[in-house]
Amino acid sequence: MQKRLIRKLDLEMLLSRIEPHPSPRPSLEQYTIPADVAATMLYIVAYTYNDVIDKTVLDLGCGTGRLALGAAFLGAKQAIGVDVDKTAVKTAFKNAEKTGLKDKVQWIIADIDAIQGKVDVVLQNPPFGVQKRKADRKFLEKALEAGNRIYSLHKSSRRDKAFIKKLRTSGTRIVPVSPSPFIRGFIQRCNGRIRAVYAMVMTVPHMFSFHTKRRHEFLVDLYVIERK
């Protein structure tokens, strides 16, 4: 039975309370997913595809826990967050306590290769492969092995400033787009099928010494994927 609809504003407010990583490492591309992007992603998962409420949800590379905690807040039957970084998972546990969701999320410190078994849904904001090429492929492979439905964020190849402006000023902040030919082919080879792709704007603050701007704005694509 459908539970009550949670307002997106309430979800975003909860996610904005979640502390970021205290000492992120560029080699792991530990950028905390912005609250607005996480809320938009989770809202699509929960209310467009009905894939949160009463589902078992796995957050691969969970970082400090925004996607797992957001899923728990929206009514997941069980939420599990996995990350190789001990500091990230400890911060996620503290965030679970802070948000009153401690009993609704299980945290695991491990490489994603250690994950066994099946879940209903996989959520992930994987490394984009900027620091380590092909880093996102490992996450897609594991997600398709573990989940029936996968929601995965990937950096877009689009650089159109007018398109970014259109997204920023649109009411929904999302636009359906075509998938990357490479990602589509890779997913097909991993026995998956793309149902939809949505473009969103992501903004990250100055975090590392090699950053040259106070904030960096770029496009990301949310892939909705099914296992065949």
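Can you name every residue in segment 94-122 that is in contact with a Phe, Trp or Tyr (Cβ under 9 Å, 6 or more places away or on another chain), touching a residue at least 24 places away in the same chain (Cβ under 8 Å) and not aliphatic (A, V, I, L, M)?
Of everything in segment 94-122, those that are in contact with a Phe, Trp or Tyr (Cβ under 9 Å, 6 or more places away or on another chain), touching a residue at least 24 places away in the same chain (Cβ under 8 Å) and not aliphatic (A, V, I, L, M) turn out to be T99, K104, W107.
Quick one: in segment 32-58, which of the residues that are closer than 20 Å to V89 by Cβ and modelled with pLDDT under 95 is surrounded by the fewest Cβ atoms within 10 Å (Cβ to Cβ)?
Only one residue fits best here, namely A35.
Please enumerate the residues belonging to segment 1-31 that are at pLDDT 70 or above, of a type in the set (A, V, I, L, M, F, W, C) and more than 30 Å from D136 (Cβ to Cβ).
Of everything in segment 1-31, those that are at pLDDT 70 or above, of a type in the set (A, V, I, L, M, F, W, C) and more than 30 Å from D136 (Cβ to Cβ) turn out to be L5, L9.
What tally of residues in segment 22-31 results from selecting those that are polar (S, T, N, Q) and assigned to a helix (DSSP H, G or I)? Step through it out loud before you land on a result.
First, the residues of segment 22-31 that are polar (S, T, N, Q): 23, 27, 30.
Then keep just the ones that are assigned to a helix (DSSP H, G or I); that gives 27.
The total comes to 1.
In segment 124-173, how many are under 30 Å from V84 (Cα atoms), modelled with pLDDT under 90 and not in a loop (DSSP other than H, G, I, E, B)?
3
Can you run down the residue pairs with Cβ atoms below 9 Å, 6 or more apart or on separate chains, where the first is in segment 32-61 and in a helix (DSSP H, G or I) and the partner is buried (at least 23 other Cβ atoms within 10 Å of the Cβ) and among the aromatic types (F, W, Y)?
Cβ pairs passing all conditions: M41/Y151; L42/Y151; I44/Y151; V45/Y151.
Does segment 130-149 include one or more residues that are touching a helix residue (DSSP H, G or I) at 6+ places or on another chain (Cβ under 9 Å), among the aliphatic types (A, V, I, L, M) and within 23 Å of K8 (Cα to Cα)?
No.
From the list G61, G70, which one is buried (at least 24 other Cβ atoms within 10 Å of the Cβ), closer than 14 Å to I33 by Cα and in contact with a Pro (Cβ under 7 Å, 6 or more places away or on another chain)? It would help to see each step written out before you state the result.
Numbers: G70 fails: in contact with a Pro (Cβ under 7 Å, 6 or more places away or on another chain).
Among G61, G70, only G61 is buried (at least 24 other Cβ atoms within 10 Å of the Cβ), closer than 14 Å to I33 by Cα and in contact with a Pro (Cβ under 7 Å, 6 or more places away or on another chain).
Report the residue count in segment 66-81 for those that are assigned to a helix (DSSP H, G or I) and in contact with an Asp or Glu (Cβ under 6 Å, 6 or more places away or on another chain).
Of all residues in segment 66-81, those assigned to a helix (DSSP H, G or I) come to 66-74.
Restricting the remaining residues to those that are in contact with an Asp or Glu (Cβ under 6 Å, 6 or more places away or on another chain) gives 67-68.
So the count comes out to 2.
Can you name the residue in segment 82-111 that is of a type in the set (S, T, N, Q) and not in a helix (DSSP H, G or I) and is also farthest from the chain's Cα centre (by Cα) among such residues?
Within segment 82-111, the first condition is being of a type in the set (S, T, N, Q), and the residues that meet it are 87, 91, 95, 99, 106.
Now narrow it down to the ones that are not in a helix (DSSP H, G or I): 99, 106.
On the way: T99: 19, Q106: 17 Å.
Per the stated criteria, the residue is T99.
The values are calculated or read from the model by the stated rules, or taken from the named source; none is laboratory data. None of these values were measured; they are calculated from a predicted model. Cβ: placed from backbone, ideal geometry, glycine included. Neighbour counts: every protein chain shown.
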